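For reference, the structure discussed in these notes is given below.
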């Protein structure tokens, strides 16, 4: 779900709709739903580990962008068109709006343990491969872009091989300071706290390990995370 | 979760008419938290729910604003 610039909520349903491939919808705060678009095979969606596309990100131009087999653009009126087609999208593609006005995307290839790719595009359609072949495994999500325009992303750990790894992509497209933390398993995006730390959650592995919330420094060389203990309140 | 690590559970989904498998939460313009669930659930004597749109007030009170069903609006809002 995405909060639009108009204060409404925009989302994607992965099933149902007129063609069975899901819908794009708008909800207001009162719960009134408007179907903006019913996805069909003509939209070039499906596959790549997702039923359809999503979630949306809204560009500075007011349009919404989502990724399936290609990057789709949807206007506020629900008109969907194929915008750009990165040369390699990979499994479980994901988009994130950057601070610099570009939209960044990620995907992984060769599940479960191969590499991740990052691409970005401007709203004018300038497509760049920001970094490819980043070692890691599991899903690869983009987390946030810092004020110095570095992009952070996280490989989630799977049961198969390598650990959860946080990577930083510098503004010139160099992957710097990958930080692995084998003691943790994270399957959620990190959040930039604005205080020099990124915050994240881990999932527990047993009833005695219900998971945790951690923070990690992102100034200079990222450091392994420090647990923030959960204290029921 | 506060900056000092104090954790407060606002709402636990029952997996019935309130839905299940909540997706990523977003902060609404009114300061409340909004989100969707993307699991088929069913309360006793109720029709199946194919996802919900909900609001959680700062007090933790959950209000289901929209229930997805098997119709042309789509099901399982997970994106």
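The values are calculated or read from the model by the stated rules, or taken from the named source; none is laboratory data. Everything quoted here is computed from the prediction, not taken from an experiment. Because the Cβ atoms are built from the backbone with ideal geometry, glycine has one as well, and the counts that use them run over all protein chains shown.
Note on the range B:5-27: residues that are at the interface with chain A (Cβ under 10 Å from one of its Cβ atoms) and under 21 Å from residue B:59 (Cβ atoms) amount to 7. Considering the conditions (1) surrounded by 16 or more Cβ atoms within 10 Å (Cβ to Cβ); (2) out of contact with any strand residue (DSSP E or B) (no Cβ under 7 Å at 6 or more places or on another chain); (3) within 7 Å of another protein chain (Cβ to nearest Cβ), residue B:30 is excluded by exactly one of them, (1).
Which members of the range B:10-29 meet the condition of being outside any loop (DSSP other than H, G, I, E, B) and under 10 Å from the mean Cα position of the chain (by Cα)? Even if it seems obvious, please write down each step before you answer.
Quick first cut of the range B:10-29, residues outside any loop (DSSP other than H, G, I, E, B) only: B:22, B:26-27.
Within the range B:10-29, B:22 is the sole residue that qualifies.
Here the range A:19-36 is the region considered, the condition is being within 22 Å of the chain's Cα centre (by Cα) and more than 9 Å from chain B (Cβ to nearest Cβ), and the residue that is surrounded by the most Cβ atoms within 10 Å (Cβ to Cβ) is A:21. Looking only at the range B:33-61, residues that are away from chain A (no Cβ under 13 Å) and surrounded by fewer than 20 Cβ atoms within 10 Å (Cβ to Cβ) come to 9 in all.
What about residue A:14, is it facing chain B (nearest Cβ under 10 Å), modelled with pLDDT under 95 and buried (at least 23 other Cβ atoms within 10 Å of the Cβ)?
Details: facing chain B (nearest Cβ under 10 Å): yes; modelled with pLDDT under 95: yes; buried (at least 23 other Cβ atoms within 10 Å of the Cβ): yes.
So residue A:14 fits the description; yes.
Of all residues in the range B:33-60, exactly one satisfies the criterion of being touching a residue at least 40 places away in the same chain (Cβ under 8 Å), in a loop (DSSP other than H, G, I, E, B) and farther than 15 Å from residue A:25 by Cβ, namely B:60.
Considering only the range B:67-79, state which residues are within 7 Å of chain A (Cβ to nearest Cβ), over 17 Å from residue A:55 (Cβ atoms) and buried (at least 19 other Cβ atoms within 10 Å of the Cβ). Once the filter is applied, which keeps residues that are within 7 Å of chain A (Cβ to nearest Cβ), over 17 Å from residue A:55 (Cβ atoms) and buried (at least 19 other Cβ atoms within 10 Å of the Cβ), the range B:67-79 yields only B:73. Scan the range A:215-226 and give yes if some residue there is more than 26 Å from residue A:55 (Cα to Cα), within 13 Å of chain B (Cβ to nearest Cβ), in a strand (DSSP E or B) and at pLDDT below 65, otherwise no. Yes: the range A:215-226 contains one or more residues that are more than 26 Å from residue A:55 (Cα to Cα), within 13 Å of chain B (Cβ to nearest Cβ), in a strand (DSSP E or B) and at pLDDT below 65.
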